[in-house]
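Please read the structure below before turning to the comments.
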Amino acid sequence: MIVVQSERIRYERNKHNEERGICHESAEPYTVNRFYELTMMQGYYENPSDQIVVFDAFYRKNPCGGAYAVCAGLEQVIEYVRDLHFSPDDIDYLRSLHIFNDDFLEYLRGFHFTGDIYAIPEGTVVFPREPLLKVVAPIMEAQLVETAILNMINHQSLIATKASRVVYAAKGDGIMEFGLRRAQGPDAGIYGAR
């Protein structure tokens, strides 16, 4: 599994934090998108299509040479999709780039996800090439959520799989979790400890 590093819409704010030595700023759910998704969405917006698309999230081989993986991250995906929107500040920032047309920005201002998501239950043991999650949505909406969903499912499943392997190796002995010390930011540490 690969954890995808997402870009933030508010790049200038992150750049300012880097200059001040702040390494992490928690991303709001609706800002975990890549510039690529937004430019693709504008292309779809300018060439309208009623096309409904389907994408499956799966992995090709088990992490760390193990025999299985544990599906996780569904709660985070549901919260992300439920709360997905663009704030006035997000729209103003995107407008300042002089890349997106005003009609498209107005579309984003009122954006909400209308597709369907089907998923294997949290904590289910899964195997390579088995769909963990399926998105059925209008093409623009599916394009927008793809990277964020892959990031959430990949990261959470990787952690859950490792935890399962540690518990198995402990053979009934107690274990302790110290993941926050090594996690890539506070959010990753909190999600890993759940």
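The values are calculated or read from the model by the stated rules, or taken from the named source; none is laboratory data. All of these numbers come straight from a predicted model, not from anything done at the bench. Quick reminder, even Gly has a Cβ in these numbers, built from the backbone with ideal geometry, and neighbours come from all protein chains shown. The accessibility values were calculated without ligands, DNA or RNA, using every heavy atom of the protein model including side chains. Shrake-Rupley method; radii C 1.70, N 1.55, O 1.52, S 1.80 Å.
Some observations on this one:
- For the listed peptides 63-69, 89-95, a ranking on the average number of other beta carbons within 10 Å per residue, highest first, reads 89-95, 63-69.
- Estimated vicinal HN-Hα couplings, Hz - segment 89-101 in sequence order (Karplus 6.51, -1.76, 1.60; Gly, Pro = x): 5, 4, 5, 4, 5, 4, 4, 5, 6, 6, 10, 9, 7
- Cut-off 11 Å between beta-carbons: net charge of the residues surrounding ASP116, Lys and Arg +1, Asp and Glu -1: 0
- Counting only heavy atoms of the protein chains and using a 1.4 Å probe, ILE78 has close to 100 Å² of accessible surface.
- Area accessible to solvent at ASP83, 1.4 Å probe radius, in Å²: 60 Å²
- Efficiency of FRET from Cβ geometry, GLU122 and LYS61, R₀ 25 Å, rounded to 0.05: 0.70
- A 1.4 Å probe run over the protein chains yields, for segment 121-161, 35 Å² of accessible area per residue, whole-number rounding.
- When the Cα positions of TYR93, ALA119, GLN143 are compared along the charge dipole of segment 73-153, ALA119 comes out farthest toward the positive end, with charges on each C-beta of Lys, Arg, Asp and Glu.
- Sequentially through segment 58-65, phi angles give Karplus couplings (6.51, -1.76, 1.60; θ = phi - 60°) of 8, 10, 8, 8, 5, x, 6, x Hz, Gly and Pro residues having no value and appearing as x.
- In terms of packing, defined here as the mean over residues of other Cβ atoms within 10 angstrom, the peptides 138-148, 123-133 line up highest first as 138-148, 123-133.
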